[in-house]
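First up is the structure itself, then whatever we jot down about it.
Any read-out appearing in this document is the output of simple, stated calculations on the displayed coordinates, not a laboratory observation. These figures come from a predicted structure and were not determined experimentally. With ideal geometry, Cβ positions are generated from the backbone for all residues, glycine too; neighbour counts draw on all protein chains shown.
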Amino acid sequence: MTYYIDPAESLKGSVSISGAKNAALPIIAASLLCDGGTTLENIPKLSDVRNMISLIRALGAEAELGDAGELSINTENIRESTVPYETAGLFRGSFLVMGSLLAKLGKVKIPLPGGCRIGARPIDLHLKGFAAMGAKIKQNGEYIEAKCPALTGAKIYLDFPSVGATENIIIAGCLAEGTTIIENAATEPEITDLIGFLNAAGAKITQDNRAVTIKGVKSLKRVSYGIIPDRIEAGTYLTAAALTRGEVTVKNVIPDHLKPVTAKLSDIGVDVAVKRTTVSVKCAEKKLCRTDIKTLPFPGFPTDMQALFASLLSVTDGTSIITETIFENRFLHVPQLVRMGAKIKTDGRTAVIEGTKYLKGARVNAPDLRAGAALVVAALGAKGTTEITNANLIERGYENFVAKLTALGAKIEVGEDSSAIETAPEIEK
Ligand code: UD1
């Protein structure tokens, strides 16, 4: 899919934010533990979510996604412990069913996440957790196989507060015998939402700073649960508003989840107004100023917003420095932004951005989901038309992206990619 984007006037209006993809994926995986039916609300209709639904269907679940984002899941017939390679290879979130299958069926055979497309990405922390809980784990070709008739609670220290490992271990710990304690756990809002879902289903989980304590229970019951709004989707529209010096309100958000982003927007001169479920931004000053950003685990600045801020800081006054501490190689958007006239130099995990007056439309390629969204945001404020190929990657993370942006005043046409597009491997999510 190719986006053709013409410069927009300043974006104006309000936009309702969808359910969070990164909360929906672990919660759908965790729903395999609930006896009988589960109903989830506010599920975003995105390809990764549809892939997760296909995956749990392949394991024996019945799952139906309604038009309003309500997902009913029935897990009575889950018998299959082998995760199909084709579906699992489509998205990294597939690895989140490892904990559920191990807890529910006592065994699992699951492809390494992401397959060969994204190269080796460690899952050592997930496996360290399962092994501490008594699982016997081996790698067989491109599959991980694990067995444990009854998981037992354990104390697990994560070297790094990995989001996926924390989620997988929490899910596995719910039905384990005894208490599991995860130290140095991730504290992202999506983790808290997963815990909220599991506790509503009868789990006994508490969070205290970076420690998560899971007291094992015998079973989880049928539950209805609504997914939190997507803080990265909201942050994307706020950044687009700032870059086009517009005035936009994001509705149906949890403002506290957006704090690391809204704090940076305030720092550079954007007016931010927060109400109970909305955040509004306005650029009274046309001139925004520089800042420095370091990505960190929550409540630090989210790595998923890093590329979007690279676009914004490319057209603010002064020189900004972005340091990426979460992923080793997450500057794939930089060469694309440079094609649009951005003045950015990278050295390892640091990008130095010299603000320029405006970017220029160019032919660019979306290298991954958030980097692709960053190119869209850059294009909205650029002079001339920008052509973004591989845009289907962007729609993995944004429900009704083009329609929502168009309603705010963006000018985007959607076409097909020509066959000669060179696609970079995706690093995220
Ligand atoms: C999740 C999000 C992603 C976000 C990321 C960090 C989903 C589906 N994706 O990804 O959008 O960018 O959190 O906020 O929720 N690591 C290890 N060993 C492990 C696991 C991770 O070394 O076993 C490393 C990774 O290589 C990476 C860092 O830890 O450098 C963070 O990864 P992690 O927090 O696990 O991210 P994901 O759960 O993959």
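With +1 on each Lys and Arg Cβ and -1 on each Asp and Glu Cβ, how big is the dipole of the chain about its Cα centre, in debye rounded to the nearest 20?
560 debye
Please give the length that would be gained between Lys45 and Glu86 if that part of the chain were fully extended, namely 0.36 nm times their separation in residues minus their C-alpha to C-alpha distance (nm, one decimal).
Additional length available on full extension: 12.7 nm.
Using helices alone, what [θ] at 222 nm do you get for the chain, with -39,500 (n - 2.57) per DSSP H run of 4 or more residues, divided over all residues and rounded to the nearest 500?
Per the formula, -8500 deg cm²/dmol.
Once both labels are modelled 7 Å past Cα along the beta-carbon direction, what's the Arg363-Ala211 spacing in nm?
Here the modelled spin labels are 5.8 nm apart.
Compute the long axis of helix 231-243 from its Cα atoms, compare it with the longest principal axis of the Cα atoms of the chain, and write down the angle in degrees, 0 to 90, nearest 10.
0 degrees
Rounded, prolate or oblate: which fits region 174-323, taking a ≥ b ≥ c as square roots of the Cα gyration tensor eigenvalues, rounded meaning a/c under 1.5, else prolate when a/b beats b/c?
prolate
Relative to the longest principal Cα axis of the chain, at what angle does helix 47-58 sit, 0 to 90 degrees, rounded to 10?
10 degrees
Please work out the FRET efficiency for the pair Thr356 and Ala68, using the Cβ-Cβ distance as r and a Förster radius of 60 Å; give the result to the nearest 0.05.
Efficiency computed from Cβ-Cβ geometry: 0.85.
Going by the alpha-carbon gyration tensor, a ≥ b ≥ c the square roots of its eigenvalues, is the chain rounded (a/c under 1.5) or, if a/c is not under 1.5, prolate (a/b greater than b/c) versus oblate?
Since a/c reaches 1.5 and a/b is larger than b/c, the shape of the chain is classed as prolate.
On a 30 Å Cα-Cα criterion, which of the cross-link pairs Lys104/Lys404; Lys286/Lys345; Lys294/Lys411; Lys45/Lys155; Lys155/Lys251 come out too long?
In this structure, Lys104/Lys404; Lys294/Lys411; Lys45/Lys155; Lys155/Lys251 exceed 30 Å between Cα atoms.
Using +1 at the C-beta of Lys and Arg and -1 at the C-beta of Asp and Glu, which of Ala103, Ser224, Gly93 has the Cα lying farthest in the positive direction of the dipole of region 21-226?
Projecting each Cα onto the dipole axis, the largest value belongs to Ala103.
If the cut-off is 20 Å between C-alpha atoms, which aspartates and glutamates fall inside it for Lys147, apart from same-chain ones fewer than 8 positions away?
By straight Cα distance, Lys147 reaches Glu80, Asp124, Glu167, Glu177.
Select from Gly173, Ile43, Asn22 the residue farthest towards the positive end of the dipole of region 21-226; place +1 on Cβ of Lys and Arg, -1 on Cβ of Asp and Glu, and compute about the Cα centre.
Checking the options against the dipole of region 21-226, the answer is Gly173.
Quick one: of the DSSP bridges fully inside the chain, what percent are antiparallel, nearest 5?
70 percent
For region 21-226, what does the alpha-carbon gyration tensor say about shape, rounded, prolate or oblate, given a ≥ b ≥ c as the root eigenvalues, a/c under 1.5 as rounded, and a/b over b/c as prolate?
rounded
Given a Förster distance of 60 angstrom, what is the FRET efficiency for Asp256 paired with Asn140, based on the Cβ-Cβ distance and rounded to 0.05?
0.85
Please state the relative contact order of the chain as a whole percent: Cα pairs under 8 Å, 6+ residues apart?
20 percent
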